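The values are calculated or read from the model by the stated rules, or taken from the named source; none is laboratory data. Since the model is a prediction, treat every value here as computed from it, not as a measurement. Don't worry about glycine lacking a Cβ; one is built from the backbone with ideal geometry, like all the others, and counts go over all protein chains shown.
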Amino acid sequence: MAVSAEARPEAVPSRWRGPGRRAPLLAAGLLAALLLLALVSAGVGAYAIPTGDVLASVQHRAGLGGAPLDRVGESVLWNVRLPRVALALLVGASLGCAGALMQGVFGNPLAEPGVIGISAGSAVGAVAAIALGLTFLGNWTVTACAFVAGLVTVGAVYLLSRSGGRTEVVTLILTGIAVNAFAGALIGLFVFSADSGQVNQITFWQLGSLAQATWPKVLAVLPCALAGLVAAPLYARRLDLLALGERPARHLGIDVERLRLALIVVVALLTAAAVAVAGVITFVGLLVPHLLRMANGPGHRFLVPGSALAGAVVLAGGDLAARTVARPAELPLGVLTALLGSPFFFWLLRRTRRGQGGWA
């Protein structure tokens, strides 16, 4: 007879039960870094705005006193800078949280949202819309196609992996690899058939950027991001039990198949929405959970919301660097995260291997 997880708290290792002693300090530090980066990002650029003026303008808009900027300053701050900051925070939080969930679902620290084809599927949708010249939703056509294609791809991967009423982690991963390869071939075909202007647009979208951030885009990604970020922590305890293995988790009353399906849906919402508005941005969902595990342990009660917070910090900092390092030019955000993330991930692999005394 299955025993409920609540009836067996001792089944979860003590280092996984709570958020950890360092969690409050980490959360406070991440929140402080987030606020600081948001203020700096809002003021830094070709049109510099002092931090005090940024705060005064925000206070004025909120009806708490303060004073407005001049006409140009108000336009730059509220129509260019703040939408970009808000979008960076939402996209970063979505990718970080999705990465933590994927690693928990697969029981593999190398897992990230792209494993099950979300990013590749979204890319196919966006590239197809550009190459075919689709405009049925105006400026929103590419974003909508990317979002829908990402969700459809995840659904296809799950259905293709399902056999006998259940799925297996290995089958999901292998199916995801096959779908990613097929998506890459489709992207190649669309690029081959596109003209030079469309190829440039496709290339820019695939590199990832927040340069086209607007308040409507923020509002478009907000419902999916909020739904996923609110739902994700509710599964933290079950992810801790799943970390013991599928069979022990089942004995403790966890419906593993239902849990896996629910979390894949949450990951799909978070990642598809993020990729649809920002393009393909790599390594955030892979590295952020790693860093938090190193700092506070593997317990998901802190790891899941902490990864969302840390992901927002990383992407806000990355976007600030992308638009200031090579001024007046702007580096693609996806390129910058890959340039910084790849060496760090290699170091992390070497460190883990030394700590375990080898992989064998």
Taking the condition more than 26 Å from Asp240 (Cα to Cα) and among the polar types (S, T, N, Q), does Thr153 pass? yes
Scanning segment 54-67 for residues that are in contact with a helix residue (DSSP H, G or I) (Cβ under 7 Å, 6 or more places away or on another chain) and surrounded by 15 or more Cβ atoms within 10 Å (Cβ to Cβ) gives Val54, Ser57, Gly66
Does any residue of segment 21-36 turn out to be basic (Lys, Arg), at pLDDT below 95 and not in a loop (DSSP other than H, G, I, E, B)? no
Tell me, please, whether a residue that is part of a helix (DSSP H, G or I), aliphatic (A, V, I, L, M) and more than 25 Å from Val154 (Cα to Cα) can be found in segment 213-221. no
Tell me, which residue of segment 39-53 that is part of a helix (DSSP H, G or I) and not hydroxyl-bearing (Ser, Thr, Tyr) is surrounded by the most Cβ atoms within 10 Å (Cβ to Cβ)? Ala42
Of the residues that sit in segment 217-231 and are free of Cβ contacts under 8 Å to residues at least 60 places away in the same chain and within 18 Å of Arg301 (Cβ to Cβ), which one is surrounded by the most Cβ atoms within 10 Å (Cβ to Cβ)? Ala231
Check segment 45-66 and report whether any residue there is modelled with pLDDT under 90, of a type in the set (Phe, Trp, Tyr) and within 30 Å of Leu292 (Cα to Cα). no
Note on segment 232-258: residues in contact with a Leu (Cβ under 8 Å, 6 or more places away or on another chain), in a helix (DSSP H, G or I) and over 17 Å from Pro298 (Cβ atoms) are Val256
Checklist (1) modelled with pLDDT under 95; (2) among the hydrophobic types (A, V, I, L, M, F, W, C); (3) surrounded by 24 or more Cβ atoms within 10 Å (Cβ to Cβ) applied to Cys97, failing item: (1)
Val76: at pLDDT 90 or above, out of contact with any Lys or Arg (no Cβ under 6 Å at 6 or more places or on another chain), closer than 23 Å to Leu261 by Cβ and surrounded by fewer than 24 Cβ atoms within 10 Å (Cβ to Cβ), yes or no? no
Residue tally, condition within 17 Å of Gly99 (Cα to Cα) and either modelled with pLDDT under 90 or of a type in the set (Ser, Thr, Tyr) (or both), over segment 302-332: 1
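Conditions tested, residue by residue: (1) within 16 Å of Gly150 (Cα to Cα); (2) of a type in the set (Val, Ile, Thr).
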{"site": "Ala220", "(1), (2)": "yes, no"}
{"site": "Pro223", "(1), (2)": "no, no"}
{"site": "Thr271", "(1), (2)": "yes, yes"}
{"site": "Ile281", "(1), (2)": "yes, yes"}
Set Val148, Val115: member being in a helix (DSSP H, G or I), under 26 Å from Leu286 (Cβ atoms) and either modelled with pLDDT of 90 or more or of a type in the set (Lys, Arg) (or both): Val148
Note on segment 190-200: residues without any contact (Cβ under 8 Å) to a residue 40 or more places away in the chain and exposed (fewer than 14 other Cβ atoms within 10 Å of the Cβ) are Phe192, Asp195, Ser196, Gly197, Asn200
For Ile254, indicate whether it is over 30 Å from Pro328 (Cβ atoms), surrounded by fewer than 18 Cβ atoms within 10 Å (Cβ to Cβ) and of a type in the set (Val, Ile, Thr). no
Only one of these is crowded, with 20+ Cβ neighbours inside 10 Å, in contact with a Leu (Cβ under 6 Å, 6 or more places away or on another chain) and among the β-branched types (Val, Ile, Thr): Val115, Val105. Name it. Val105
Are there any pairs, at least 6 apart or on different chains, whose C-beta atoms fall under 7 Å, with the first in segment 150-165 and within 17 Å of Ala181 (Cα to Cα) and the second of a type outside the set (Val, Ile, Thr) and not in a helix (DSSP H, G or I), and if so, which? Thr153/Gly117; Val154/Gly117; Val157/Gly117
Being within 11 Å of the chain's Cα centre (by Cα) and touching a residue at least 40 places away in the same chain (Cβ under 8 Å) narrows Val277, Val288, Val313 down to just Val288
